[in-house]
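Colleague: Sending over a structure as C-alpha cells; questions will come in a sec.
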Amino acid sequence: MRRDVFQAIADPVRRDIIALVANEKMTVSEIAEKFAISRPAISKHLRILRECGIVEIEQKGRERLCHIQPKNLIPAFLWIEQYKVLWEARLDSFESYLMQLQSKQKDNE
C-alpha cells in the first residue's frame, strides 16, 4: 500500500512523534517512553512515518535512531498554506466585529 504525508499527519500520535524527532535524533525506546501506549504501537506509527518518507530510521549498533525528513512534509504545508489567507481574513473580520460590539457597549454606558 502506498502511503502519503496526509496519512502520516492524520494521527495525533504520529504528529507528536514528528514533533519529537524534529528537534533531535531519538531512539525508538526514547520515543516510546514519551507515550502511554505500547512499544509495538509506537513501532507501528514509526513504520507508517517511515513509509511516508517523513521519518528515517538509522541503525547504529543495537540502537535504531529516528530523525525527520522535513522536505517530505512540504506537500502538507503547501496544502494548508492555501487556506491561510482565508482564515486570516475571517479572523480579521471577527476582530472587527468584536471591536464594533465593544464600541457599542461603551456608547451605551
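Where a number appears in this text, it was derived from the coordinates with a stated rule and is not lab data. What you are looking at is a predicted structure, and each value in this text was computed from that prediction instead of being measured. Cβ coordinates were reconstructed from backbone atoms using ideal geometry, including for glycine residues, and neighbour counts include every protein chain displayed.
Colleague: Mind counting the residues in region 25-43 that are of a type outside the set (Gly, Ala, Ser), loosely packed, with under 13 Cβ neighbours inside 10 Å and free of Cβ contacts under 8 Å to residues at least 12 places away in the same chain?
Modeller: Residues flagged as of a type outside the set (Gly, Ala, Ser), loosely packed, with under 13 Cβ neighbours inside 10 Å and free of Cβ contacts under 8 Å to residues at least 12 places away in the same chain within region 25-43 amount to 2.
Colleague: Separate question: Could you check Ser43 against (1) in a strand (DSSP E or B); (2) over 20 Å from Phe77 (Cβ atoms) and say which number it fails?
Modeller: That leaves (1) as the condition not met.
Colleague: Residues Ile54, Ile80, Ile17, Ile9: which one is under 12 Å from the mean Cα position of the chain (by Cα) and surrounded by fewer than 15 Cβ atoms within 10 Å (Cβ to Cβ)?
Modeller: Step by step, each of Ile54, Ile80, Ile17, Ile9 is checked, and only Ile80 is under 12 Å from the mean Cα position of the chain (by Cα) and surrounded by fewer than 15 Cβ atoms within 10 Å (Cβ to Cβ).
Colleague: Hey, another quick one. Being in a loop (DSSP other than H, G, I, E, B) and either touching a residue at least 40 places away in the same chain (Cβ under 8 Å) or farther than 28 Å from Ile80 by Cα (or both) is the filter here; which residues of region 2-23 pass it?
Modeller: Arg3, Asp4, listed by residue number.
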